[in-house]
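Coordinate-derived values only; no laboratory data. What you see is a predicted model, and the numbers here were worked out from it, not measured in a lab. In this analysis, Cβ positions are derived from the backbone assuming ideal geometry, glycine residues included, and neighbour counts consider all displayed protein chains.
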Amino acid sequence: MRAGTSIAQDGRFGNKEKKLMAKMTFPPEFDTPVRMEDIKLDTITPWIANKITEILGGMEDEILVSFIVNQLEDPELDARKLQINITGFLGVRKAHQ
C-alpha cells in the first residue's frame, strides 16, 4: 500500500474549469436554458462561420467552426463552458462578442 494522496485529493489537480467559471462574469442570458433539439444547427452554422470569419478579421477557420458546432450538439450544453472553450482560440475580448 502506498502512502500519500491521490490526484483527486491533491489541490494542485483540481477542476480548473470550475475555478475559472467562478472568476469570470457572464451575461444574464447564459442563465436561460435552451433546448438545443429545437435549434436547427444546419441553419445557423453558416451564420456561425460568417461571425467567426468577421471576428478573426476575414480569416476563415473551419476547425473552430466545427468545434463550436460540436459543442452546440451536446445535450448538456452550458454557454459559460462554450465561451471558456473558445476563449483560447479567439482571445478574451473577442470571445465575448
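Using θ = phi - 60° in the Karplus curve 6.51 cos²θ - 1.76 cosθ + 1.60, the 3J(HN,Hα) couplings for the stretch 43-48 round to 7, 8, 4, x, 5, 4 Hz; x is entered for Gly and Pro. Electrostatic tally near Pro33: other residues with Cβ closer than 15 Å to its Cβ, Lys and Arg +1, Asp and Glu -1, net -4.
Taking GluC sites (Glu not before Pro) across the stretch 31-67, the ones in a DSSP loop with at most 12 further Cβ atoms lying within 10 angstrom of their Cβ are Glu60.
Computed from backbone phi with θ = phi - 60° and the Karplus coefficients 6.51, -1.76 and 1.60, the 3J(HN,Hα) list for the stretch 69-77 is 4, 4, 5, 5, 6, 5, x, 9, 4 Hz; x is used for glycine and proline.
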